[in-house]
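Report on one structure; see the data block that follows.
The values are calculated or read from the model by the stated rules, or taken from the named source; none is laboratory data. Small disclaimer: the values here were computed from a predicted structure and weren't measured. Glycine also receives a Cβ, built like all others from the backbone with ideal geometry; neighbour counts cover every protein chain displayed. The protein model used for the area step is the full one, side chains on, heavy atoms only, and it has no ligands, DNA or RNA in it. Shrake-Rupley method; radii C 1.70, N 1.55, O 1.52, S 1.80 Å.
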Amino acid sequence: MIKAPRLQAQALWLPWQLLLLHLFLTISASPSPLTSLPKLGVLRGIHNFQNVTKNLASEPNADLKTFYYNQTLDHFNYRPESYVTFQQRYVMNFRHWGGRRVAAPILAYLGEESDLDGDLRSIGWLTDNAKRFKALQVYIEHRYYGKSVPFVSSKEALKNASLRGYFNSAQALADYAEILLHIKKKLSADSSPVIVVGGSYGGMLAAWFRLKYPHIALGAMASSAPVLYFDNITPSDAYYRVVTKNFREASESCYETIKQSWDEIDKAAAQANGLASLTKKFKLCKVLKDASELKDYLDSMYCAAAQYDSPPRYPVNEVCKGIDGGAEGTDILGRIFSGIVAMRGNKSCYDLGEFFSDETLNGWDWQTCSELVIPMGRGENDTMFPAAPFDLKQYMDSCQKYYGVLPRPHWITTYYGGHNISEVLRRFGSNIIFSNGLRDPYSSAGVLENISDTLLAVTTTIGSHCLDILPANKDDPEWLTQQRAFEVKHVRSWILKYFADLHQSSGHYTQKLRL
């Protein structure tokens, strides 16, 4: 005899139990050395660059309605605490939805490693296509980000060794599955096909969701998803090779200046009062404690410029114009500073803070220290950056030190696949679009060639990270417009085939939805 009601009642006190566990299971969650790994993110990293993009809405649409779902803490175990629920945020826009009677589609954006608020302003693929597809728009926040953190603040959750164990991609996908089924049941829209959309890490989630939950998602739009940057499928230096290629194509002299600058920084720092002199030369807001602070900042700036190298400004060109345009006779470090000014604008002082929020940085550190092990590094003389080869032992030691756990470098490919992806997915996969802009360094780990007629790759030579899912703009270049048209064409074909199959199998849907 099933005693579910008793289990549910028993679980009511468990959030308090978890909070008490916090008192003796907390370990250090201070920033780890892993923060130097280039972040994913749809657009977060470039928001600190002035005037990079003008096509984002200033405020969320008034048609957006916010809801909270009582989400299961642990989808994969049957311990009493697994049944505890927390509030997970999702947002819907009904404005263009054709309704359940015609089985109108649902476009669902799967949140990535950040709060949902920014996505509501910056994700245009849903808003631009909802009217065309007569679709319901759904946006779901990733657990442990934004307002979807179980029981405590995100900072406290990451300090709690027990609680953060439920912070992983498999749990997140199960969250999305529960919410989408809940929405369909609540709206009596069981026959409405679902297309999941994601960018960057969210793009990986979208592709994986289609593979893991094909009974829920008809198809997936995976923008800039580096699904192959795991378990040594992609060379570790691939990301930095693309960054270097972008800068070298923009300007050979710029590339050479950057390449020479790292030794110059170390030489300057080694001088008497060297750190103070570097602080003054670069107009920094805080005195440098170590030369690595400046080098890490420059590394992040160059990577972000390459990753989000979008029209009309093209940040890589801006940086190189600054570096190459320094006054005649300016030394190497003076030219590097000119690149910062070109990128960040003329300021009284420059803060070497990261380009991403603390919540994203800390959450992503945990995710990459547990399951999302991206073996990224640089060899000697193969990029414009100093050598920094990936050392798995050092990486694992750092994770052990900061989180008390060892990362699982083979888990992602064990759970989702990745090795021999073409041969494997050709046998059972379908209805996924992998889109990439080849200026994006993470495209080096993307799916860049068609696998089948329904497992498609679309690339743009001068596209950047997640550019295709940002809001369309009348000034968009033709190649970007064509990329989006390709995506829409194939998503439309999936939906039309679904409707044809549905009509044939049931004979019930006489009213057709025009797409």
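Would you say residue 245 is among the charged types (D, E, K, R), open to solvent by 20 Å² or more (accessible area, probe 1.4 Å) and either more than 25 Å from residue 443 (Cα to Cα) or in contact (Cβ under 8 Å) with a residue 12 or more places away in the chain (or both)? Reasoning before the result, please.
Numbers: among the charged types (D, E, K, R): yes; open to solvent by 20 Å² or more (accessible area, probe 1.4 Å): yes; either more than 25 Å from residue 443 (Cα to Cα) or in contact (Cβ under 8 Å) with a residue 12 or more places away in the chain (or both): no.
For residue 245, the condition - among the charged types (D, E, K, R), open to solvent by 20 Å² or more (accessible area, probe 1.4 Å) and either more than 25 Å from residue 443 (Cα to Cα) or in contact (Cβ under 8 Å) with a residue 12 or more places away in the chain (or both) - is not met.
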Practice item. Residue by residue through region 300-314, note down the ones that are more than 14 Å from residue 224 (Cα to Cα), hydroxyl-bearing (Ser, Thr, Tyr) and surrounded by 24 or more Cβ atoms within 10 Å (Cβ to Cβ). Key: 302
Check your understanding: Pairs under 6 Å by beta carbon, first residue closer than 28 Å to residue 319 by Cα and hydroxyl-bearing (Ser, Thr, Tyr) in region 344-371, partner open to solvent by 50 Å² or more (accessible area, probe 1.4 Å) and assigned to a loop (DSSP other than H, G, I, E, B), six or more apart or different chains?
Key -> 350/283
Practice item. Answer with yes or no whether residue 493 is part of a helix (DSSP H, G or I) and without any contact (Cβ under 8 Å) to a residue 12 or more places away in the chain. Key: yes
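Just to check your reading of the model, which residue among 446, 463 is open to solvent by less than 20 Å² (accessible area, probe 1.4 Å), in contact with a Lys or Arg (Cβ under 8 Å, 6 or more places away or on another chain) and not hydroxyl-bearing (Ser, Thr, Tyr)? Talk me through it step by step, then tell me what you get.
On the way: 446 fails: in contact with a Lys or Arg (Cβ under 8 Å, 6 or more places away or on another chain).
Matching residue, one of 446, 463: 463.
Can you pull out the residues in region 347-363 that are of a type in the set (Asp, Glu) and under 22 Å from the mean Cα position of the chain (by Cα)?
Just the residues of region 347-363 that are of a type in the set (Asp, Glu), to begin with: 351, 354, 358-359.
If the condition is that a residue be of a type in the set (Asp, Glu) and under 22 Å from the mean Cα position of the chain (by Cα), then 354, 358, 359 are the ones that fit.
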Review point. Could you list, in sequence order, the residues of region 236-262 that are over 20 Å from the mean Cα position of the chain (by Cα) and either among the polar types (S, T, N, Q) or part of a loop (DSSP other than H, G, I, E, B) (or both)?
Key: 244, 246, 251, 253, 257, 260, 261
Practice item. Test residue 396 against the stated conditions and say whether it is in a helix (DSSP H, G or I) and of a type in the set (A, V, I, L, M). Key: yes
Check your understanding: In region 336-346, is there at least one residue being modelled with pLDDT under 95, within 32 Å of the chain's Cα centre (by Cα) and not in a helix (DSSP H, G or I)?
Key -> yes
Point to revise | Single residue of 183, 216 found to be open to solvent by less than 20 Å² (accessible area, probe 1.4 Å), in a helix (DSSP H, G or I) and modelled with pLDDT of 95 or more | key: 183
Review point. Based on what the data block shows, is residue 411 of a type in the set (Phe, Trp, Tyr) and closer than 14 Å to residue 167 by Cα?
Key: no
Point to revise | residue 162, sole failed condition from (1) open to solvent by 10 Å² or more (accessible area, probe 1.4 Å); (2) among the hydroxyl-bearing types (Ser, Thr, Tyr); (3) closer than 28 Å to residue 488 by Cβ | key: (3)
**Study point:** Enumeration of residues in region 64-94 that are open to solvent by 10 Å² or more (accessible area, probe 1.4 Å), of a type in the set (S, T, N, Q) and in contact with a Leu (Cβ under 7 Å, 6 or more places away or on another chain)
**Key:** 85
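Between 231, 296, which is surrounded by fewer than 20 Cβ atoms within 10 Å (Cβ to Cβ) and part of a loop (DSSP other than H, G, I, E, B)? Lay out the reasoning, then the answer.
Numbers: 296 fails: part of a loop (DSSP other than H, G, I, E, B).
Within the list 231, 296, the selection yields 231.
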Practice item. Scan region 427-444 for residues that are under 21 Å from residue 493 (Cα atoms) and part of a helix (DSSP H, G or I) and jot them down. Key: 427, 428
**Study point:** Selection status of residue 433, free of Cβ contacts under 8 Å to residues at least 40 places away in the same chain, surrounded by 14 or more Cβ atoms within 10 Å (Cβ to Cβ) and closer than 23 Å to residue 226 by Cβ
**Key:** no
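Please specify each residue of region 101-128 satisfying the condition of being among the polar types (S, T, N, Q) and surrounded by fewer than 24 Cβ atoms within 10 Å (Cβ to Cβ). If you could, list the steps in order and put the result at the bottom.
So the first thing to find is which residues in region 101-128 are among the polar types (S, T, N, Q), and the list is 114, 122, 127.
Scanning region 101-128 gives 122, 127.
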Point to revise | Condition met for residue 487 (part of a helix (DSSP H, G or I) and among the acidic types (Asp, Glu)) | key: yes
Check your understanding: Out of the residues in region 391-404 that are out of contact with any Ser or Thr (no Cβ under 8 Å at 6 or more places or on another chain) and closer than 13 Å to residue 370 by Cβ, which is surrounded by the fewest Cβ atoms within 10 Å (Cβ to Cβ)?
Key -> 404
Practice item. Select from region 353-390 the residues that are farther than 17 Å from residue 410 by Cβ, in a loop (DSSP other than H, G, I, E, B) and of a type in the set (Asp, Glu) and write down the one among them that is least open to solvent (accessible area, probe 1.4 Å). Key: 382
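Condition first: of a type outside the set (Lys, Arg), surrounded by fewer than 18 Cβ atoms within 10 Å (Cβ to Cβ) and not in a helix (DSSP H, G or I). Now tell me which residues in region 144-159 satisfy that. Spell out how you get there, then give the answer.
So in region 144-159, the residues of a type outside the set (Lys, Arg) come out as 144-146, 148-154, 156-158.
Right, trim to surrounded by fewer than 18 Cβ atoms within 10 Å (Cβ to Cβ) and you get 152-153, 156.
Within region 144-159, 152, 153 qualify.
Any residue that is in contact with a Ser or Thr (Cβ under 8 Å, 6 or more places away or on another chain), among the charged types (D, E, K, R) and in a helix (DSSP H, G or I) - is there at least one of those in region 270-285? Explain how you work it out, then say what you get.
First, the residues of region 270-285 that are in contact with a Ser or Thr (Cβ under 8 Å, 6 or more places away or on another chain): 271, 283.
Adding the requirement that they be among the charged types (D, E, K, R) leaves 283.
Subsequent filtering for residues that are in a helix (DSSP H, G or I) retains none.
No, every residue in region 270-285 fails to be in contact with a Ser or Thr (Cβ under 8 Å, 6 or more places away or on another chain), among the charged types (D, E, K, R) and in a helix (DSSP H, G or I).
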Point to revise | Conditions (1) more than 18 Å from residue 220 (Cα to Cα); (2) open to solvent by less than 60 Å² (accessible area, probe 1.4 Å); (3) at pLDDT 95 or above; (4) not in a loop (DSSP other than H, G, I, E, B): number failed by residue 407 | key: (4)
